[in-house]
Amino acid sequence: MTLWERIKTVLKREAADVKEGMSHVGRTLDEELARKERELNATPSERFDMILEDIDESDARIKDIEATLTDQPDHVAHVRPEPTHQLLEESEVSTSLRLGELLETVHVSFVSLADGGASGPTHIVDLDADTFGAATARRAKAAAGVAEHPLVSAAGVDDAGRIWVDAPALHVQDVRLLVAAALADQAPPN
């Protein structure tokens, strides 16, 4: 097959596609024009029935879309996945003899959007009451130290005395290590 024959074949195929597209547009326009003529010639009760039919069609399309969205788990936008890899190592935070001991007393849980943390923290930190008691000032100072990390958006202490950390990119163990390091930087309790 020569180059010219190939070009003619491609052009014929394109012409057939254009013709099919134009006939579809023509049919759609004819149907819409016929519908508009029916609306103009309709009595008020017939026009009211047409409006109700349009509403029913719109409702059916909306229900189809809703069914499509709820059937597919990929469209669930309310679940924030927990990071799967730890980014920090103990050697990357300030070293202290107390760091290992403090790590045992820090317990972190990940909060997904499905758990009710719609725009709140991603991690909740519970500290061992035997070790830390109710030292809110100490917890606030630790939260401030954690908030200084570049991957942490914000941190603070809630009403229950728990430290909350908003760091979606950090693994639970990373947050645990940051909190323990911030506590280790403080003077030991008397």
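Every read-out reported here was derived from the displayed coordinates using simple, explicitly stated rules and does not represent laboratory data. Please read these numbers as outputs of a predicted model, since none were measured by experiment. Cβ: placed from backbone, ideal geometry, glycine included. Neighbour counts: every protein chain shown.
A few notes on this one:
- Ranked VAL111, VAL179, VAL106, VAL10, criterion: other C-beta atoms within 10 Å, fewest first: VAL10, VAL111, VAL106, VAL179
- The SER45 and GLU14 beta-carbon pair, evaluated with R₀ = 41 Å, returns a calculated FRET efficiency of approximately 0.25.
- In a reduced charge model with +1 at each Lys and Arg Cβ and -1 at each Asp and Glu Cβ, the stretch 2-46 shows a dipole moment near 360 debye about its Cα centre.
- A straight Cα-to-Cα reach below 18 Å connects LYS8 with the lysines LYS19, residues fewer than 8 places away in its own chain not being considered.
- In plain terms, the residue of HIS123, HIS171, HIS24, HIS107 with the fewest other Cβ atoms within 10 Å comes first and the most crowded comes last, giving HIS24, HIS107, HIS171, HIS123.
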